[in-house]
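Working notes, beginning with the structure itself.
No value in this document is a laboratory result; all are computed from the given coordinates. This one's a predicted model, so the numbers in the text were calculated from it and none came from an experiment. In this analysis, Cβ positions are derived from the backbone assuming ideal geometry, glycine residues included, and neighbour counts consider all displayed protein chains.
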Amino acid sequence: MYRLRLGLVFLVITLLSARGVMAAVDGEPEIKPLLPAPSADYAPEDVVRIVIEALARNDKPFADAGIETTFGFASPANKVNTGPLPRFVSMVKDKPYGTMVDHVESEFSEVRYMNGSAVQLVYLLGRDGRGVVFAFRLSKQSEGPFKDMWMTDAVWPVANTEGSGQAF
């Protein structure tokens with residue numbers, strides 16, 4: 001019975017490690033909470049909302065979890081240009097994307113579909129009181145492990161605003 005229990009514990013640890021939810025801290029394994037991940041059940045507006053909400057509480061449940069969630073929803077083509085994760089973290093914390101991290105207010109436009117892509121504008125009010133409108137372009141992946149899932153291809157600032165207020 002002891003061997004069976006020990007075997008099951010080893011199997012669980014192996015599976016968690018393979019899924020990337022364990023990290024070594026001072027030589028001791030630490031189980032990291034699972035973050036939201038792409039799903040074929042999500043529409044483009046769901047993906048954008050998940051990312052924006054994660055960035056609003058960037059350091060929950062661990063440091064830069066919001067940025068890591070955002071990277072998880074980046075399309076494979078996007079990751080080629082913005083990855084690996086440490087590079088992506090630095091990019092998001094810098095201008096012009098820094099407003100996204102720990103923003104205090106958000107507002108979403110309707111999603112527009114064109115040429116197989118979805119585009120959504122998002123107004124964010126930063127902690128510094130400055131507002132920025134970002135455009136999110138997403139595409140439904142046609143192959144690979146993310147087949148039929150909407151993922152972010154690009155994000156760019158389209159307008160700066162002063163203070164809070166309705167953007168759309």
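Residue by residue through region 67-74, what is 3J(HN,Hα) from phi via Karplus (6.51 cos²θ - 1.76 cosθ + 1.60, θ = phi - 60°)? Round to whole Hz and write x for glycine and proline.
5, 5, 4, 4, 5, x, 8, 6
Could you pull out the GluC sites (Glu not before Pro) across region 59-168 that fall in loop regions by DSSP (anything but H, G, I, E, B) with no more than 12 other Cβ atoms inside 10 Å?
Values: sites: 68, 105, 107, 110, 143, 162; in loops: 110, 143.
Answer in residue order: 110, 143.
Taking the Cα atoms of region 39-162 alone, what are Rg (to one decimal) and Dmax (as a whole number) in Å?
Here Rg and the maximum Cα pair distance are 13.7, 42 Å.
Take the residue pairs 32/140; 32/95; 32/79; 95/147; 79/140; 32/93 and return only those whose Cα atoms are more than 26 Å apart.
Values: 32/140 28 Å; 32/95 29 Å; 32/79 22 Å; 95/147 32 Å; 79/140 15 Å; 32/93 22 Å.
Beyond 26 Å between Cα atoms: 32/140; 32/95; 95/147.
If Lys and Arg each add +1 and Asp and Glu each add -1, what is the summed charge of the other residues whose beta carbon sits under 14 Å from the beta carbon of residue 109? Show your work: numbers first, answer last.
Values: positive: 49, 112, 137; negative: 45, 107, 110.
The answer is 0.
Excluding residue 148 itself, what net charge comes from residues whose Cβ is under 12 Å from its Cβ, given Lys and Arg +1 and Asp and Glu -1?
Working: positive: 140, 147; negative: 41, 143.
It works out to a net charge of 0.
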